[in-house]
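Notes follow the structure.
The values are calculated or read from the model by the stated rules, or taken from the named source; none is laboratory data. Note that the structure is predicted; figures quoted are calculated from it, not measured. In this analysis, Cβ positions are derived from the backbone assuming ideal geometry, glycine residues included, and neighbour counts consider all displayed protein chains.
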Amino acid sequence: MIDLPKHDLLAKFDAVAGERQAYLDAGGRDPVGVVMSEVLSPTRAIIAGRETITMGTYNYMGMTFDPDVIAAGEAAMREFGAGTTGSRALNGTYASHRACEDALKEFYGTRHAMVFSTGYQANLGVVSTLAGRGDYVILDADSHASIYDGCAMGNADVVRFRHNSVEDLAKRLGRLPAAAGKLVILEGVYSMLGDIAPLKEMVAVARAHGAMVLVDEAHAMGFFGEHGRGVTEAAGVEADVDFVIGTFSKSVGTVGGFCVSNHPKFEVLRLVCRPYVFTASLPPAVVASSAASIRKLMHAPDKRRRLWENTRAMHAGLRARGFVLGTPTAESAIIAVIMPDQATTLAMWQALLERGVYVNFARPPATPTGVYLLRCSLCAEHSADEIATILTAFEDAAAAIGIDRRAAA
C-alpha cells in the first residue's frame, strides 16, 4: 500500500467511489463494468455467460456485421497495416482517410469533410477552434459533454438557453453584442431523452441574430431525412447550417468522428485545430470500413424503415405497459424509460440484465438534474421476436422489483 500525499488529488472523488462500492458490496452488478465476451450480431452478445439482447449500443443501422464493411476493413489492414503511428498533419493521412472524407462529402452533399479519431474529439476540436476568447457560444443546456468541453478548451463565453426553447434562444441572442462572434450549437437528437430539436425555428433565430450554426447529428445520421443525413435534412435547413458534426460510432458502426461544411475557409481547420493536429489518426482498417458503411447508408431505405418500425413498436409497447417515457411519441431511435430514483434505476437495470436484456443505466450529470432513466437504443436489425422478448422482460423485471408503473415518474 502506497502512502498517499496529504492533499490527494483523487480525494475529491471519494464520495463517488464510496457510493459505487456500497452498491457492489450489497450484491449489485456494475452498470459501467459490463463485459461482452462475445458479440454475436448487431443485436446479441454474451454477457456473464448468457446470450443477451443488446438494446443499449447505438448500433442504429446494424452495420457492425455488414459483410462489405468487414471486407473493406480486412483489405485495408492487409494493404496498409494495423495503424498509422502519426497524426493527420504528419504521416497519418492514407488513401483510405481521403476516401472516407470523399464518402462523407458525397453523403452530405458538402464541399468539405474532416475525419477525427473520435466523435468527442470532433466536437472538442471544432468548437474550441471556432469560438475563442471574446466570442460567444450559445448552446442548449442539455448539450453533450464533448460540446461543453470544447467550450472550455476554447475559452469562449458560454451562454446557455433552456432545453429546446426557441423563445429562450432568441432572448439570449438578443442580449449579446451585435458585433461579437457568435456560434449557436444545437443537436439534432438529444442523447438522453431521445427528443429532437426544433431546428427549423432555432436556425432561423440564429441567422436573424447573425450567428453561425453548428449541429451535432451523432444520433440522427442514417435514418432522419430522405437520404439519412439527419434532422438538418428532415427540417430542410441544410443550406443554413454552417457545420455538421457526426460520429462513426453510431449508425456507421465503427469509431471516429467528423465535421462537414460548405464554408469556403473550412480547410484552414486542418492547420489550427489542435485535437486534429496532435492526435494519431484512425487505423486504415477503421476508415476503410467507415467509408464502405457510409456509402451503403446512402442507399438504405429498407433499414431506415425497419428502424422506425422497431422504434415505434417498442415505444408503444412500453407505454401500453405503463412505463413513463422521455417523449410522448417515438421521436428518435432512443427511448428513455424514466425511473423515480437511482436505487430503482439500478435495480431495474440489473433485473433486465438477469432476464437477458442489456440497456443503459443513466443518471446525473449525464442526464438532466434529478432525472434517472434506462436508455434504450433500437437497431434496424432487431427482430419482431426480440422486440416482444424485450417488452416481456421489462414487464417481468418491473414486477420483480415492485415498481408501480402507474407512478414510475
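Screening residue 386 on (1) within 25 Å of residue 305 (Cα to Cα); (2) touching a Gly at 6+ places or on another chain (Cβ under 9 Å) shows it passes everything except condition (2).
Considering the conditions (1) under 30 Å from residue 356 (Cβ atoms); (2) crowded, with 16+ Cβ neighbours inside 10 Å, residue 92 is excluded by exactly one of them, (1). Taking the range 219-249 as the range and being outside any loop (DSSP other than H, G, I, E, B) and among the β-branched types (Val, Ile, Thr) as the test, the residues that pass are 231, 232, 244, 245, 247. Residue under question is residue 252, and the condition is that it be β-branched (Val, Ile, Thr), at pLDDT 95 or above and either closer than 30 Å to residue 299 by Cβ or part of a loop (DSSP other than H, G, I, E, B) (or both); does it hold? So residue 252 fits the description; yes. Among residues of the range 163-179 that are farther than 16 Å from residue 210 by Cα and modelled with pLDDT of 95 or more, those with a beta-carbon under 7 Å from a residue that is in a loop (DSSP other than H, G, I, E, B) and of a type in the set (Gly, Ala, Ser) at least six positions away or on a different chain give the pairs 163/141; 164/197. Taken over the range 1-36, the criterion of being surrounded by 10 or more Cβ atoms within 10 Å (Cβ to Cβ) and either in contact with a strand residue (DSSP E or B) (Cβ under 8 Å, 6 or more places away or on another chain) or β-branched (Val, Ile, Thr) (or both) is satisfied by 31, 34, 36. Screening residue 288 against (1) closer than 21 Å to residue 219 by Cα; (2) assigned to a helix (DSSP H, G or I) leaves a single unmet condition, (1). Restricted to the range 366-375, and to residues there that are touching a residue at least 60 places away in the same chain (Cβ under 8 Å) and surrounded by fewer than 22 Cβ atoms within 10 Å (Cβ to Cβ), the residue that is nearest to residue 342 (Cα to Cα) is 371.
Scanning the range 363-393 for residues that are touching a Phe, Trp or Tyr at 6+ places or on another chain (Cβ under 7 Å) and not in a loop (DSSP other than H, G, I, E, B) yields 374, 377. Number of residues in the range 276-314 that are of a type in the set (Phe, Trp, Tyr) and within 11 Å of residue 380 (Cα to Cα): the value is 1. Identification of strands (runs of 3 or more DSSP E) wholly contained in the range 1-115 with 1 or more residues that are touching a Leu at 6+ places or on another chain (Cβ under 9 Å) and not aliphatic (A, V, I, L, M) yields 50-54. You will find that of 391, 346, 352, 378, the residue that is assigned by TED's automatic domain parsing to the domain that holds residue 39, in contact (Cβ under 8 Å) with a residue 12 or more places away in the chain and more than 25 Å from residue 60 (Cβ to Cβ) is 346 and no other.
Can you tell me which residues in the range 108-121 are among the hydrophobic types (A, V, I, L, M, F, W, C) and either within 19 Å of residue 264 (Cα to Cα) or surrounded by fewer than 20 Cβ atoms within 10 Å (Cβ to Cβ) (or both)? Spell out how you get there, then give the answer.
Initially, the range 108-121 is screened for residues among the hydrophobic types (A, V, I, L, M, F, W, C), giving 113-116.
Scanning the range 108-121 gives 113, 114, 115.
Within the range 48-68, identify whether any single residue is of a type in the set (A, V, I, L, M, F, W, C), farther than 19 Å from residue 292 by Cα and buried (at least 16 other Cβ atoms within 10 Å of the Cβ), and answer yes or no. Let's see the steps before the verdict.
We begin by selecting, within the range 48-68, every residue of a type in the set (A, V, I, L, M, F, W, C); these are 48, 53, 55, 61, 63, 65.
Okay, now just the ones that are also farther than 19 Å from residue 292 by Cα, so 48, 53, 55.
Adding the requirement that they be buried (at least 16 other Cβ atoms within 10 Å of the Cβ) leaves 53, 55.
Looking for residues that are of a type in the set (A, V, I, L, M, F, W, C), farther than 19 Å from residue 292 by Cα and buried (at least 16 other Cβ atoms within 10 Å of the Cβ), one finds at least one in the range 48-68, hence yes.
Against the definition (without any contact (Cβ under 8 Å) to a residue 40 or more places away in the chain and either buried (at least 23 other Cβ atoms within 10 Å of the Cβ) or not assigned by TED's automatic domain parsing to the domain that holds residue 95 (or both)), how does residue 268 come out, yes or no? No, not satisfied.
Can you find a residue in the range 305-314 that is touching a strand residue (DSSP E or B) at 6+ places or on another chain (Cβ under 8 Å) and in contact (Cβ under 8 Å) with a residue 24 or more places away in the chain? Yes, the range 305-314 has at least one match.
Can you pull out every residue in the range 69-86 that is buried (at least 17 other Cβ atoms within 10 Å of the Cβ) and of a type in the set (Ser, Thr, Tyr)? Selection gives 84 alone. Of all the residues in the range 314-341, those that are under 21 Å from residue 57 (Cα atoms) and part of a helix (DSSP H, G or I) number 5.
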